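For reference, the structure is listed below as structure tokens.
The values are calculated or read from the model by the stated rules, or taken from the named source; none is laboratory data. Model, not experiment: these values are computed from the prediction. Don't worry about glycine lacking a Cβ; one is built from the backbone with ideal geometry, like all the others, and counts go over all protein chains shown. Protein only, heavy atoms only, side chains kept; ligands, DNA and RNA dropped before computing areas. Shrake-Rupley method; radii C 1.70, N 1.55, O 1.52, S 1.80 Å.
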Amino acid sequence: MDTAPTVSWLEKLIPQAWHDSLTLFVALTAACAALLYLLRPETRKSTLRSLLAAALALVAINLGPQDGQAVAEWVKQVAVIVLGLALIRLWAMMLMRLFLPLLRLHPPRILEDILLVLGCVGWGLVLLRLAGLDLSHIVTTSAVITGVLAFSMQDTLGNILAGLSLQLDNSVEVGDWIKSGELSGRVVEINWRATLVETRNWETVVIPNSQLMKGQFAILGKHQGAPLQWRRWVWFNINWDTLPNQIITVVERSLREAQLPGVALSPEPNCILMGFENGYSKYAVRYWLTDLAADDLTDSVVRTHIDAALRRHNLKMSSPHYNVLTIKDNEKYMEARMKKHLEERVQALRKVELLTSLNDEEMVVLADQLKFTPFVTGDIIMHQGAVAHWLYIMLSGEVEVWVNLPDGSRKLVDVLEGGNFFGEMGLMTGEARSGTVIARSNVECLRLDKESFQSILSSRKELAEAISSILAERLAERTRKLPQDWQEGHGAPQRAELVDKIRRFFGLGKH
């Protein structure tokens, strides 16, 4: 009596006639996956792993032994399961990251994870059904199973639902900077379980989605209808001797003219008097940060500009008061330090060509009256057309000299380094500045005022002639660097003319 051959669940799932179609389907999947690999670099590792698993499984299904041995049958069954999981993974990625974006749809990342889970569950149910399991039993006991799963996986389900809520209502998106408690960083991924945040300390913090939803968090720099920028506060204290209006004007002008990197042009930085403490006034500079990753660095740049601006105007920050016991050794140390400081200033004066006619005693007198004047990168040291009766002696750094031309453009005419000087016409004749000088780097200068030079010129009127010769040469050299059409209407003054200007400016009368 003949008995019909038994048909395994594997043969039910993949009849012999389907083998070619299955190969074709895998080939189509591989072609689409190759496109995904090329267009979405972030998926390359997952795509390669899934393709490799599918290829090995397909080889096992098609080339596995056909003698009916139990081991061979078990290998082929495992290969079918792996093939199905690999194909589900590939099609989930291609749908969510390739096809939908081509249609200008950008679903949340968490939907891909949920789709993958549902696909795997569905594939498992198909395999169970083909293996002979009656799925109606599962439906009958679904209430019990649902209750058990809900109780045992409540945290997981909570994270999934919270992740969906975060992305579907756009509460937070990948790329946003958030702050929650002590944590501050940029969101790099939102998956089915957690939100990944990269901090400025080079750390990646994993926050469960349910915890993020239950707590309060701030999205930094995000404002409707405005670019990404975040308001920052920089605090400093000034003693009561200076009027607040003067402090605010000096600081705001310095920051707005400098156009610092990372500081928004609009709204402009502003300085505010925040209150009065014991012995000092408390100020804050508010500026808007454009690069949220460089918060501390930009704060430091702003503080540097504030400090330099205050020093240029002889405004001192407040400091704690202490009772200091002065001893003889300390007095000797301070005396030696001041002497060294004076010698350094005299050496700087000797490098100024205008002052080569001064004797040692006159050099010492001038050196004692020089004012240390620092600038930082981007500071405008002099404005063309402004009137200021002082000269700058550069100790270090670089500055650029710009001249505004009649056609409205401006030209870079010179770059000066440490050891040079500028502003001599304002000091000696009182004329307006002929160019704009901008700090190319951090610059340290000594400033020589008209009042400091007045007494020396009054006692030695013949210095005016020596100085005028040097001025005439410098002006002629500077004029040659300007365009030809500009030179025609702005010739350098002659030596005799300069002598008269110097005498009139300093009130020396005729020699």
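Of all the helices (runs of 4 or more DSSP H) wholly in region 267-384, which have at least 3 residues that are within 20 Å of PHE236 (Cα to Cα) and at pLDDT 90 or above? Can you show your working first?
Values: elements: 295-312, 328-350, 360-369.
Once the helices (runs of 4 or more DSSP H) in region 267-384 are filtered for at least 3 residues that are within 20 Å of PHE236 (Cα to Cα) and at pLDDT 90 or above, what remains is 295-312.
Name the single residue that is nearest to GLY423 (Cα to Cα) among those in region 367-385 being hydrophobic (A, V, I, L, M, F, W, C) and open to solvent by 40 Å² or more (accessible area, probe 1.4 Å). Quick ask: steps written out before the conclusion?
Taking region 367-385 and keeping what is hydrophobic (A, V, I, L, M, F, W, C), we get 367, 370, 372, 375-376, 380-382.
In the following step, the residues that additionally are open to solvent by 40 Å² or more (accessible area, probe 1.4 Å) were identified as 372, 380.
Working: PHE372: 15, ILE380: 13 Å.
Of everything passing the filter in region 367-385, ILE380 is nearest to GLY423 (Cα to Cα).
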If you scan region 390-444, which residues turn out to be on the phi < 0 side of the Ramachandran plot, part of a loop (DSSP other than H, G, I, E, B) and free of Cβ contacts under 8 Å to residues at least 60 places away in the same chain? ASP407, SER409, GLY418, ASN420, ALA432, ARG433, SER434, GLY435
Considering region 75-112 alone, what residues qualify as being in contact with a helix residue (DSSP H, G or I) (Cβ under 9 Å, 6 or more places away or on another chain) and among the charged types (D, E, K, R)? LYS76, ARG89, ARG97, ARG109, GLU112
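Which members of region 405-436 meet the condition of being farther than 27 Å from ARG503 by Cβ, out of contact with any His (no Cβ under 8 Å at 6 or more places or on another chain) and buried (at least 16 other Cβ atoms within 10 Å of the Cβ)? If you could, list the steps in order and put the result at the bottom.
Let us first name the residues in region 405-436 that are farther than 27 Å from ARG503 by Cβ, namely 405-419, 436.
Those left that are additionally out of contact with any His (no Cβ under 8 Å at 6 or more places or on another chain): 405-419.
Of everything in region 405-436, those that are farther than 27 Å from ARG503 by Cβ, out of contact with any His (no Cβ under 8 Å at 6 or more places or on another chain) and buried (at least 16 other Cβ atoms within 10 Å of the Cβ) turn out to be VAL413, ASP414, LEU416, GLY418.
Got at least one residue in region 130-141 being at pLDDT 65 or above and closer than 29 Å to ASP291 by Cβ?
From region 130-141, those at pLDDT 65 or above are 130-134; that's our starting set.
This time we only want the ones that are closer than 29 Å to ASP291 by Cβ, so: none.
Within region 130-141, none of the residues are at pLDDT 65 or above and closer than 29 Å to ASP291 by Cβ.
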Which number in (1) modelled with pLDDT of 80 or more; (2) more than 25 Å from ALA194 (Cβ to Cβ); (3) out of contact with any Ser or Thr (no Cβ under 7 Å at 6 or more places or on another chain) marks the one condition that LEU87 misses? (3)
Residue that is modelled with the lowest pLDDT, among those in region 3-55 that are open to solvent by 50 Å² or more (accessible area, probe 1.4 Å), over 28 Å from GLU73 (Cβ atoms) and of a type outside the set (A, V, I, L, M, F, W, C): GLU42
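Is it the case that region 456-473 has a residue that's within 41 Å of the chain's Cα centre (by Cα) and either open to solvent by 30 Å² or more (accessible area, probe 1.4 Å) or under 18 Å from ALA348 (Cα atoms) (or both)? Lay out the reasoning, then the answer.
The first filter runs over region 456-473 and keeps only residues within 41 Å of the chain's Cα centre (by Cα), leaving none.
Scanning region 456-473 turns up no residue that is within 41 Å of the chain's Cα centre (by Cα) and either open to solvent by 30 Å² or more (accessible area, probe 1.4 Å) or under 18 Å from ALA348 (Cα atoms) (or both).
Out of THR199, THR195, I need the residue that is in contact (Cβ under 8 Å) with a residue 12 or more places away in the chain and surrounded by 15 or more Cβ atoms within 10 Å (Cβ to Cβ). Which one?
Numbers: THR199 fails: surrounded by 15 or more Cβ atoms within 10 Å (Cβ to Cβ).
The unique qualifying residue is THR195.
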Out of curiosity, is VAL251 touching a Cys at 6+ places or on another chain (Cβ under 8 Å), within 25 Å of HIS313 (Cβ to Cβ) and either of a type in the set (A, V, I, L, M) or surrounded by fewer than 16 Cβ atoms within 10 Å (Cβ to Cβ) (or both)? yes
